[in-house]
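One structure is given below, encoded as structure tokens.
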Amino acid sequence: MPELPEVEVTRMSFADRIAGAEVRAVHVGKPLRWPLGCAPQALVGRTVLAVRRRGKYLLLELDRGVLLIHLGMSGRLLFAPTLPAAGVHDHFELSTGRGVLRLHDPRRFGAVVFVPTLDDPMARKLLGGLGVEPLTEAFAPQSFHAQLQKRQPAIKQVLLAGDIVVGVGNIYASEALFMAGIRPTISARRLSLARCVRLHAAIREVLSRAIERGGSTLRDFSSADGQNGYFQMEAMVYGREGLECRVCHASIKCLRQGQRSTFFCPRCQKS
DNA sequence: AGATGTCCCTGGAAGC
DNA sequence: TGCTTCCAGGGACATC
């Protein structure tokens, strides 16, 4: 399940290599989450200028237009000089002068959408509601606190919504809340400034550490250069229901919030 | 408008 | 062993 770290690691693994490449052919497999938004053939002849990231979206900037790529939860990008013939789960492929970029996505929650510019309505729909980037200066403790003050739902769900801060998915939300000592069920508006400061730091810590480790959470994650240098994350709480807390040895609990599983330590994390 | 629930999809695990 | 059922998850969308 790619969260921000996995998307960023993927980006870094091929951005420099694909920059400047001209598209020579396009292959489209089964439908993804949304239609491509242009005829595949229309991409031929365009040049990839850069690969950027916004939240969990990759932005493949072309000399004319942008391809928005989302990995959904089972998506994986590969970029290599050559690749074997496309299989049943390979749903989008750009052949370029520098290699083949392929989206492999068994569950097809992913998306590849062409937009002429980022002002395009579709681009605005997908990117417009996103919160600040957690690893930039725009993510500041005071404003984070001020935003949370306006939200009634549980802090875990507010983090997942992604409209205050992007990139914190189900796994890292549980981990960051553990690191900050905050119970996932507490209403966001009830968090003191001091606790928001700790949560802010925890989110940055968890995400940046995961990026350093090469995208850590995934059992099946590999970056676009095929490095399966993934680590099974040293999760403190995620997926550890019934096991001992690594800090206090209490039994880790699991509950459902908005159809998602949340893991926490009942002793380390206070309401 | 804010909060909550539903759905998309399929591989793998668990249950019978 | 082979079937069925359940679960995972991001996030747009529908509904209250």
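Since every read-out is calculated from the coordinates, none of them should be taken as a lab result. Being a predicted model, the structure only gives us computed values, none of them experimental. Note that we place each Cβ from the backbone using ideal geometry, even for glycine, and neighbour counts take in every protein chain shown.
Using a 10 Å Cβ count of at most 11 others and DSSP loop calls, identify the longest part of chain A lacking such GluC sites (Glu not before Pro). Before the final figure, lay out the partial values.
Values: sites that count: A:GLU137, A:GLU234.
The longest such stretch corresponds to A:1-136.
Okay, helix-only estimate at 222 nm for chain A: each DSSP H run of n ≥ 4 adds -39500 (n - 2.57), divide by all residues, round to 500 deg cm²/dmol; what do you get? All intermediate terms of the calculation are to be shown ahead of the outcome.
Numbers: 6 runs with 68 residues, N = 271.
My calculation for chain A gives -7500 deg cm²/dmol from helical runs alone.
Under a Cβ-Cβ cut-off of 10 Å, what is the net charge of the residues other than A:ALA19 that fall near it, where Lys and Arg count +1 and Asp and Glu count -1?
Every neighbour counted, the sum reads 0.
Would you list which lysines come within 16 Å of A:LYS253, measuring only between C-alpha atoms, while excluding same-chain residues fewer than 8 positions from it?
Excluding near neighbours in sequence, the set is A:LYS156, A:LYS270.
Relative to the Cα centre, what is the charge dipole magnitude of chain A, using +1 at the beta carbon of each Lys and Arg, -1 at the beta carbon of each Asp and Glu, and rounding to the nearest 20 debye?
Working: 37 positive and 23 negative charges, 213 e Å.
Charge dipole of chain A: 1020 debye, to the nearest 20.
Out of the trypsin sites (Lys or Arg not before Pro) in segment A:87-186, which ones are loop residues according to DSSP with at most 11 other C-beta atoms within 10 Å? Don't jump to the answer; show the numbers that get you there.
Details: sites: A:ARG98, A:ARG102, A:ARG107, A:ARG108, A:ARG124, A:LYS125, A:LYS150, A:ARG151, A:LYS156; in loops: A:ARG98, A:ARG107, A:ARG108, A:LYS150, A:ARG151.
The qualifying sites are A:ARG107, A:LYS150.
Answer with one residue from A:VAL132, A:LEU243, A:VAL9: the one whose Cα lies farthest towards the positive end of the charge dipole of chain A, charges on Cβ with Lys, Arg +1 and Asp, Glu -1.
A:LEU243
Antiparallel DSSP bridges in chain A: what percent, to the nearest 5? Present the calculation step by step, with values, prior to reporting the outcome.
Numbers: 40 of 42 bridges.
The antiparallel fraction comes to roughly 95 percent.
Could you work out the local net charge near A:ALA176, counting Lys and Arg as +1, Asp and Glu as -1, over the other residues with Cβ closer than 10 Å to its Cβ?
Values: positive: A:LYS156, A:ARG198, A:ARG204; negative: A:GLU175, A:GLU205.
Once all neighbours under 10 Å are counted, the net charge is +1.
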